[in-house]
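Participant: Dumping the structure here so I can ask a few things about it.
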Amino acid sequence: MSRSRLTALYVLALVVGVGSAWLWLTRVGPSGVDAGVWRVNLLAGSPNADAYTRARVAIGALLALDRRETLYYIARTDQRGEPLRAQCRYRLTGTAPAARWWSITAYDKDFFLFENSAKRYSVNVETAPRDAAGWVVFEVGPETVTGTPPDLPTRGEGTLLLTLRLYNPALALQRDPAALAAPRIDVVGSCR
Amino acid sequence: MNAPTPANRKSLRGHLLALLLVAVAAHALTVWALPRLIMAEVLRVTRNEGATSSGAVLRPPPADHTARRIVMPSPDLLYATCSLDLSEQAAKISADIDYPRYWSIALYADNSDNFMVRNDREHGARALRWLIVASDASYPVAAAPDVEIIKAPGSRVLLLLRMLLPEDEAGRAAAEAARKTLRCD
């Protein structure tokens with residue numbers, strides 16, 4: 001085999017190594033436990049995290065706290081298992097989680113906040129709309145010219161990510177994060 | 001076409017093994033290096049931009065859609081960060097946070113691990129006085145009785161203060177006033 005062909009093969013091996021790592025970290029869902037459609041990584045921010053968890057957290061949730069301080073639940077799909085999309089409208093329904101403080105934030109496909117005219121980026125324990133029975137009920141979706149505006153506006157098209165943060169979660173949840181009665185995420189109407 | 005000789009077959013097997021090793025090593029190195037590279041950049045930016053501010057602390061405005069530095073910023077929190085270099089001396093951290101809502105100070109190693117966090121309930125109302133020291137420090141470490149000595153796993157550390165922001169302006173002003181008491185010397 002010629003030297004130039006051999007060099008090309010080694011470069012290809014390098015590219016395969018780096019590329020497979022990047023694809024694994026960005027395309028394969030994070031490990032963890034599920035509460036409904038929400039997934040929580042038990043080692044985010046922890047010194048006990050494995051190398052893949054550490055790298056995933058650095059890419060998608062840098063500077064996380066460990067689960068004693070904060071639990072981060074991430075939803076990427078609705079109740080049907082369909083990927084969440086910024087151009088769709090969703091209704092979230094649930095009970096207030098057992099934590100000192102909680103919030104749900106909508107993130108664009110680049111992991112940053114959606115631009116919106118109302119400057120509303122999250123719904124939290126203090127601002128969450130509740131129905132007459134005390135359920136937390138609110139909607140996420142694109143800003144509309146007519147009709148009821150969403151409580152949590154999105155913009156554009158593509159992946160939507162919802163993060164539920166629980167600050168100082170109850171001890172039972174710290175021990176068993178899968179026990180959370182997590183909010184349902186149901187699509188409302190049809191997507192644009 | 002000539003059949004490969006035993007020597008050629010041995011050479012081919014050697015190259016195939018070497019190619020596999022290169023791919024596996026590149027994969028492992030990428031996974032290992034990514035958090036360290038990202039943290040190095042965060043530490044660099046914090047150090048450069050915090051250098052000109054009071055107490056060497058970077059105090060960004062509350063996160064909105066224009067905040068593009070740290071992924072998944074929380075819009076409900078007010079942040080302050082310090083980049084600490086413990087290679088030649090310890091870092092003195094002080095704060096007098098009189099604030100009725102949640103706050104915490106977390107310390108991150110240069111591989112992004114959160115090796116320490118303390119929140120308002122754990123710390124109480126007393127003044128915060130920390131001396132942060134690299135675990136392998138060769139410099140002398142001495143501190144007054146009211147100063148807590150914290151050992152870091154390495155010489156580069158990011159300190160991150162989080163304060164829960166209320167909706168009202170008076171509450172936000174109180175958060176800002178409390179944030180300004182943080183110093184990293």
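The values are calculated or read from the model by the stated rules, or taken from the named source; none is laboratory data. Since this is a predicted model, take the numbers as computed values, not measurements. Here Cβ is always computed from backbone atoms with ideal geometry, including for glycine, and neighbour counts include all displayed protein chains. Side chains are part of the model used for accessible areas, which takes the heavy atoms of the whole protein and leaves out ligands, DNA and RNA. Shrake-Rupley method; radii C 1.70, N 1.55, O 1.52, S 1.80 Å.
Participant: Would you confirm, using the coordinates I've provided, whether A:Tyr73 is closer than 30 Å to B:Leu160 by Cα, open to solvent by less than 20 Å² (accessible area, probe 1.4 Å) and in a strand (DSSP E or B)?
Facilitator: When the stated conditions are applied, A:Tyr73 passes them.
Participant: Given the structure, is A:Gln79 open to solvent by 50 Å² or more (accessible area, probe 1.4 Å), more than 9 Å from chain B (Cβ to nearest Cβ), over 30 Å from B:Ala18 (Cβ atoms) and in contact with a Lys or Arg (Cβ under 6 Å, 6 or more places away or on another chain)?
Facilitator: For A:Gln79, the condition - open to solvent by 50 Å² or more (accessible area, probe 1.4 Å), more than 9 Å from chain B (Cβ to nearest Cβ), over 30 Å from B:Ala18 (Cβ atoms) and in contact with a Lys or Arg (Cβ under 6 Å, 6 or more places away or on another chain) - is met.
Participant: Go through region A:13-50 and give me each residue that's open to solvent by less than 50 Å² (accessible area, probe 1.4 Å), at pLDDT below 90 and within 10 Å of chain B (Cβ to nearest Cβ).
Facilitator: Listed by number, the residues that qualify are A:Leu25, A:Ala44, A:Gly45, A:Ser46, A:Ala49.
Participant: Answer yes or no as to whether A:Arg91 is without any contact (Cβ under 8 Å) to a residue 60 or more places away in the chain, more than 10 Å from chain B (Cβ to nearest Cβ) and either open to solvent by less than 60 Å² (accessible area, probe 1.4 Å) or out of contact with any Ser or Thr (no Cβ under 8 Å at 6 or more places or on another chain) (or both).
Facilitator: In short, no.
Participant: Would you check which residues across region A:155-169 are exposed (fewer than 15 other Cβ atoms within 10 Å of the Cβ) and under 18 Å from A:Ile104 (Cβ atoms) and list them?
Facilitator: The answer is A:Thr159, and nothing else.
Participant: Sticking with this one: Have a look at B:Ala144, B:Ala170, B:Ala174, B:Ala178 and point out the one that is part of a loop (DSSP other than H, G, I, E, B) and either of a type in the set (A, V, I, L, M) or surrounded by 15 or more Cβ atoms within 10 Å (Cβ to Cβ) (or both).
Facilitator: B:Ala144
Participant: I'd like the full set of residues that are farther than 30 Å from B:Tyr79 by Cβ and either at the interface with chain A (Cβ under 8 Å from one of its Cβ atoms) or surrounded by 12 or more Cβ atoms within 10 Å (Cβ to Cβ) (or both), limited to region B:17-60.
Facilitator: Of everything in region B:17-60, those that are farther than 30 Å from B:Tyr79 by Cβ and either at the interface with chain A (Cβ under 8 Å from one of its Cβ atoms) or surrounded by 12 or more Cβ atoms within 10 Å (Cβ to Cβ) (or both) turn out to be B:Ala18, B:Leu19, B:Leu20, B:Leu21, B:Val22, B:Ala23, B:Val24, B:Ala25, B:Ala26, B:His27, B:Ala28, B:Leu29.
Participant: Still on this model: Name the one entry in B:Tyr102, B:Tyr79 that is open to solvent by 10 Å² or more (accessible area, probe 1.4 Å), within 30 Å of A:Leu161 (Cβ to Cβ), under 21 Å from the mean Cα position of the chain (by Cα) and in contact (Cβ under 8 Å) with a residue 12 or more places away in the chain.
Facilitator: Matching residue, one of B:Tyr102, B:Tyr79: B:Tyr79.
Participant: So which residues in region B:86-134 are touching a Ser or Thr at 6+ places or on another chain (Cβ under 9 Å), closer than 20 Å to B:Met39 by Cβ and within 14 Å of another protein chain (Cβ to nearest Cβ), if there are any at all?
Facilitator: B:Ser104, B:Asp110, B:Asp113, B:Asn114, B:Val117
Participant: For region A:55-70, which positions are surrounded by fewer than 21 Cβ atoms within 10 Å (Cβ to Cβ) and at pLDDT 85 or above?
Facilitator: Within region A:55-70, just A:Arg68 meets the criteria.
Participant: What about B:Arg129, is it in a strand (DSSP E or B), within 20 Å of B:Gly55 (Cα to Cα), open to solvent by 50 Å² or more (accessible area, probe 1.4 Å) and not aliphatic (A, V, I, L, M)?
Facilitator: Judged against the criteria, B:Arg129 is a match.
Participant: Then there's this: Across region A:111-153, which residue is farthest from the other protein chains (Cβ to nearest Cβ) among those that are among the basic types (Lys, Arg) and closer than 17 Å to A:Ala86 by Cα?
Facilitator: A:Arg120
Participant: Mind checking which residues of region A:98-110 are of a type in the set (A, V, I, L, M) and within 14 Å of chain B (Cβ to nearest Cβ)?
Facilitator: Result: A:Ala99, A:Ile104, A:Ala106.
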